[in-house]
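Here's the structure, in structure tokens; my notes come after.
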Amino acid sequence: MEQKKNLIMEVLRRLQPYREMASDLFVIVKSSYCNEELLNAIINLLNKSIKNVVRENQKEAIEKSIAQIKKIRDIEEKEKLDDIELDGILSDID
């Protein structure tokens with residue numbers, strides 16, 4: 001249990017600049033009140049937080065990809081319109 005406690009404290013220490021709650025959890029884990037059940041609950045909480053961050057990053061990547069695809073489609077549509085307009089001008093010349 002002590003090794004698990006030390007590892008969790010190290011993770012929480014590294015998360016402190018990024019997550020406010022990490023400081024509070026660090027104090028709780030460091031206290032003498034911390035038991036195996038509490039450590040497991042904190043591990044589950046950390047796992048859920050990590051999964052949420054991954055989902056957010058994936059969502060952002062998908063949104064950026066969709067925006068890029070839209071830009072490409074817009075460019076293609078403009079090029080098609082330009083080609084149609086050019087064909088019209090060339091047919092008028094004949």
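Across the stretch 16-47, the number of residues qualifying as closer than 12 Å to Met1 by Cα, in a helix (DSSP H, G or I) and of a type outside the set (D, E, K, R) comes to 4. Flag: Arg13 does not match the condition of being within 23 Å of the chain's Cα centre (by Cα), farther than 30 Å from Glu2 by Cα and assigned to a helix (DSSP H, G or I). Ser91 - would you say it is in a helix (DSSP H, G or I), among the hydroxyl-bearing types (Ser, Thr, Tyr) and either without any contact (Cβ under 8 Å) to a residue 40 or more places away in the chain or surrounded by 12 or more Cβ atoms within 10 Å (Cβ to Cβ) (or both)? Against the criterion (in a helix (DSSP H, G or I), among the hydroxyl-bearing types (Ser, Thr, Tyr) and either without any contact (Cβ under 8 Å) to a residue 40 or more places away in the chain or surrounded by 12 or more Cβ atoms within 10 Å (Cβ to Cβ) (or both)), Ser91 qualifies.
The single residue among Glu2, Glu56, Glu60, Glu79 that is surrounded by 10 or more Cβ atoms within 10 Å (Cβ to Cβ), acidic (Asp, Glu) and more than 19 Å from the chain's Cα centre (by Cα) turns out to be Glu79.
Restricting attention to the stretch 31-53 and to residues that are more than 22 Å from the chain's Cα centre (by Cα) and modelled with pLDDT of 90 or more, the residue that is surrounded by the fewest Cβ atoms within 10 Å (Cβ to Cβ) turns out to be Glu37.
The values are calculated or read from the model by the stated rules, or taken from the named source; none is laboratory data. Bear in mind the structure is a predicted one, so any value in this text is a computation, not a measurement. Note that each Cβ is placed from the backbone with ideal geometry, even for glycine, and that neighbours are counted across all protein chains shown.
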